[in-house]
Amino acid sequence: AYQEHRTGVACAATLRALIEARAPIDLVGVASRFPLDEMVHVELCSRMAMECGGGTEIRYDPDFVVLDAEPGLSPLLRACELATRFFCVGEAISIPLLRATWHAARHPLPRAVLARIVKDEAAHGVFGFTVLDWADDRLTEKDRAHLGAMADLGIDFLEVQWEEIGKRPKSAPHDGDVLQWMQTDEYLDLARRALERDVLAPLRKRRIPLRKRQG
């Protein structure tokens, strides 16, 4: 629920940046539904937590829920930076992982919640690349280098999370496990493949320079 809440902030920030960059109205129109999608997901996840015994308090600084665009950028580059970090990286990688987790879920409640999230977010995963295509002929090589650095920043954050997940003790699945998700090795293997296919390859295709990565 907290991650969906953070993504809602990210979507709203990107929407504002696109409006300020005078993006086409149809692009803005598509982006305008994303914050609402995320708020629905927050409610669904929160309600599922309550059904499973109750939520827990999460303390956070609202000024640092998401990393805003670098100060001083043009409206166009600001919009592209947010679209790159939040959508070309964050949302693009989440779609295959959410879909696989949905297929792995056994209990009808998490399956239903995940099915709704996967359905809503299908459009989120490709949106960032649509923004880059719109801006393509106005991006300089310096702009592309900046976007590449921002994409690397987002990917670094993901890889730190995956490293922490890999350190967790493994447990064998059992029939009494209501929230049966993907096993760790399976999840991490899919994450690496999805990173190359759904994030790195489309960014390279759009001439966004990326740091060479291990593995």
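Mean separation of Cα pairs under 8 Å and 6 or more residues apart, divided by the residue count, gives segment 1-121 a relative contact order of 31 percent. Short-range pairs are left out: with C-alpha atoms under 8 Å and at least six residues apart, the relative contact order of segment 70-215 is 37 percent.
With R₀ fixed at 22 Å, the C-beta to C-beta distance from R211 to L97 puts the FRET efficiency at about 0.50.
Estimated from helices alone, the mean residue ellipticity of the chain at 222 nm is -20000 deg cm²/dmol (sum of -39500 (n - 2.57) over DSSP H runs with n ≥ 4, per residue). Here the chain is assigned +1 on the Cβ of each Lys and Arg and -1 on the Cβ of each Asp and Glu. Its dipole about the Cα centre then comes out at about 540 debye. Debye-formula intensities of segment 22-139, expressed as log10 I(q)/I(0) at q = 0.19 Å⁻¹, are -1.13 (one equal scatterer per alpha-carbon, no solvent). With the simple model of a label 7 Å out from the Cα in the direction of the Cβ, E20 to A122 spans 3.3 nm.
Taken over the C-alpha atoms, the chain has Rg and Dmax values of 17.8, 56 angstrom. Between segment 104-150 and segment 68-82, what is the separation of their alpha carbon centroids in Å? Each part's Cα centre sits 17 Å from the other's. Farthest toward the positive end of the dipole of the chain, out of P209, Y187, A83, is the Cα of P209, where the dipole comes from beta carbon charges about the Cα centre. Were the residues from E164 through T130 laid out at 0.36 nm apart, the gain over their Cα-Cα distance would be 9.1 nm.
Taking Cα atoms only, the orientation of helix 124-135 departs from the longest principal axis of the chain by about 0 degrees.
Coordinate-derived values only; no laboratory data. The shown structure was predicted, so the numbers you read here are calculated from the model rather than taken from an experiment. Positions of Cβ are backbone-derived with ideal geometry, glycine not excepted, and every protein chain shown enters the neighbour counts.
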